[in-house]
Protein chains: 2
Amino acid sequence: MGWTLVVTPGQALFHEGDRADRVFTLTNGCVKLYKLLPDGRRQVTGFLFPGDFLGVSVFDEHAFTAEALGECQLCWFPRSRFDRYVETQPAMERELYRAAAHELAAAQQQLVLLGRKTAAERLASFVLELADKASRSPERAGRFVDLPMSRSDIADYLGITKETVSRALSLFKSQRLIRLETLNRIEILDAEGLKDVADGGLEF
Amino acid sequence: MGWTLVVTPGQALFHEGDRADRVFTLTNGCVKLYKLLPDGRRQVTGFLFPGDFLGVSVFDEHAFTAEALGECQLCWFPRSRFDRYVETQPAMERELYRAAAHELAAAQQQLVLLGRKTAAERLASFVLELADKASRSPERAGRFVDLPMSRSDIADYLGITKETVSRALSLFKSQRLIRLETLNRIEILDAEGLKDVADGGLEF
DNA sequence: CGTCGGCTTGAGATAGTTCAAGAGCGGTGG
DNA sequence: CCACCGCTCTTGAACTATCTCAAGCCGACG
């Protein structure tokens, strides 16, 4: 029902502007999506986890680059085949719409983060977002949150620098909100406290 | 085929969290969409112009507040009626999907703006975005761009302060990129120059 | 066990914010 | 029709969160 594809860490599945002629489902590993400005500034628009779909688009060209974070395994189809399949399945059309609406709502939430939150609020929101995603997956649940991406990737997702990410993490450690089990794995010690930080602290 | 509604300047059509039980089309006037943080910080997520749809959502609750900029005239239907109509029209389902995908692409472009652009780049992008929208409408075309929203609204859309908006406009005036015909109407003197600013200047 | 690359921490620079006046426009009433 | 008033917009000056640049640190890997 499709072809299997294995990509190495850092390898791009496709670039912004490439012809969108394949659709993927991520079976193993994580992927980052980003857009670049002409001078190299980068905005990460999202991260994908096992089970996520990729490359479905109503446009001819991809609007962003997709790059493997670690080693990834994917399953892909030609887009033409996918489109033909969708046309025969009215329920699928609806499902695509629902998925796009969810992505749109998430993007609008991210607009608030990028437009109006402080560095600490951004990082707290990010940790909780990952924790929330993990809690829905059977296996990855619990107080621990994996960070499969680098500090730079987090920074480019949150619209800050990698140094500011480090400093905010250190701040949270000193406040006993989190603990770094390893460099890429956070233990949440105080989810409530983190939530308070994420939405602007307790002001009144 | 629906009811007419006239709202006065500053009046909200609905608030974030309200039950989404009506769909609208804006026949006259302009609307701003925004989300608030608990402490009052605001992120404007978009502006609507005559002909735009509003309130179509797969969710039960509105994800943002919609507020009239000036006096507005709208046409609305109960959502239940709209949903029933969509179900009978497979082409409509597809059109909704296409619309959501376009909004998503626009939101991702705005993520780049909010995450990585400087104040001047943000304002230049904004002016060009309005000019581009206007150029598609038969009547509003030309070098002139109307700003139906306040400086604060622009600021909250671009993730900066109203003072910074003013300063960037003054900068563009001094560089002969634009002229303010009136406070709320810009004449674009150098679209190319504005484009260069919008995407990070000419670096090489 | 040493090296390399990413992470953390520090110190100084800065873009943008905040706070504070003034200026200009539009609306109102004399 | 003009003068006044209120509000938004502009400009200025000081402040600050974040960035930039520069070491050291530390963990992963050979």
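The values are calculated or read from the model by the stated rules, or taken from the named source; none is laboratory data. Only a predicted model underlies this, so the values are computations on that prediction, with no experimental measurement involved. We place every Cβ from the backbone using ideal geometry, glycine too, and count neighbours over all the protein chains shown. All accessible areas refer to the heavy atoms of the entire protein, side chains included, with ligands and DNA or RNA removed. Shrake-Rupley method; radii C 1.70, N 1.55, O 1.52, S 1.80 Å.
Okay, here's what the table says:
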{"item": "Length added when fully stretched, A:ALA141-A:ARG98, from 0.36 nm per residue minus Cα-Cα", "result": "13.0 nm"}
{"item": "For A:94-103, mean number of other protein chain Cβ atoms within 10 Å", "result": "6"}
{"item": "Average silhouette area of the protein assembly as shown, convex hull of alpha-carbon atoms, in square nanometres", "result": "22.1 nm²"}
{"item": "Calculated FRET efficiency for the pair A:GLU16/B:ARG176, C-beta based, R₀ 35 Å, to 0.05", "result": "0.60"}
{"item": "Spatially proximal lysines relative to B:LYS195 (Cα-Cα < 21 Å; intrachain offsets below 8 disregarded)", "result": "A:LYS35, B:LYS117, B:LYS133, B:LYS173"}
{"item": "Rg ratio (alpha-carbon, reference 2.2 N^0.38 Å) - the range A:117-198", "result": "0.99"}
{"item": "Long-range amide H partners of A:LEU69 with built H, under 5 Å", "result": "A:GLY10, A:CYS30, A:VAL31, A:LYS32"}
{"item": "Most mobile of B:GLN175, B:GLN110, B:GLN89 in a GNM of chain B (Cα contacts under 10 Å)", "result": "B:GLN89"}
{"item": "Cα→Cβ-extended label distance, 7 Å offset, between B:LYS133 and B:GLN73, nm", "result": "2.0 nm"}
{"item": "Per-residue average of Cβ from other chains inside 10 Å of B:49-62", "result": "1"}
{"item": "Cα centroid of the range A:62-87 to Cα centroid of the range B:111-150, whole Å", "result": "33 Å"}
{"item": "Kyte-Doolittle at least -1.0, axis length at least 15 Å by Cα - qualifying DSSP helices, chain A", "result": "A:90-116, A:119-136, A:162-174"}
{"item": "Under 5 Å, built H, 5+ apart or other chain: amide partners of A:LEU189", "result": "A:ILE178, A:ARG179"}
{"item": "Chain A: translational diffusion in µm²/s, Stokes-Einstein, Kirkwood Rh over Cα pairs, 10 °C, 1.306 mPa s", "result": "87 µm²/s"}
{"item": "Lys, Arg +1 and Asp, Glu -1 on Cβ, resulting dipole of the range A:3-112 about Cα centre, debye, nearest 20", "result": "100 debye"}
{"item": "Peptide B:29-39 - average C-beta neighbours from other chains (10 Å radius)", "result": "3"}
{"item": "Rounded if a/c under 1.5, otherwise prolate or oblate - the range B:156-204, Cα gyration tensor axes", "result": "oblate"}
{"item": "For chain A: accessible area per residue (Å², 1.4 Å)", "result": "50 Å²"}
{"item": "Cβ crowding within 10 Å averaged over residues, with B:8-15, B:190-197 ranked highest first", "result": "B:190-197, B:8-15"}
{"item": "Carbon and sulfur %, accessible surface of the range A:117-198 computed with the full protein complex present, 1.4 Å", "result": "51 percent"}
{"item": "All-pairs alpha carbon distance profile, the range B:3-89, 5 Å steps from 0, percent", "result": "3, 15, 24, 26, 18, 9, 4, 1, 0"}
{"item": "Distance in nm between pseudo-label sites at A:GLN109 and B:SER166 (7 Å out along the Cβ direction from Cα)", "result": "3.6 nm"}
{"item": "Karplus-derived 3J(HN,Hα), 6.51/-1.76/1.60, for each residue of the range B:52-62, Hz, glycine and proline x", "result": "6, 8, 7, x, 6, 7, 8, 9, 6, 10, 5"}
{"item": "Calculated [θ] (222 nm, deg cm²/dmol) that DSSP helices of n ≥ 4 give over the protein assembly as shown, each run adding -39,500 (n - 2.57)", "result": "-13500 deg cm²/dmol"}
{"item": "Under the Karplus curve 6.51 cos²θ - 1.76 cosθ + 1.60, θ = phi - 60°, whole-Hz ³J(HN,Hα) for the range A:143-150, x wherever Gly or Pro sits", "result": "6, 8, 10, 7, 10, x, 9, 6"}
{"item": "Under 5 Å, built H, 5+ apart or other chain: amide partners of B:ASP18", "result": "B:HIS62"}
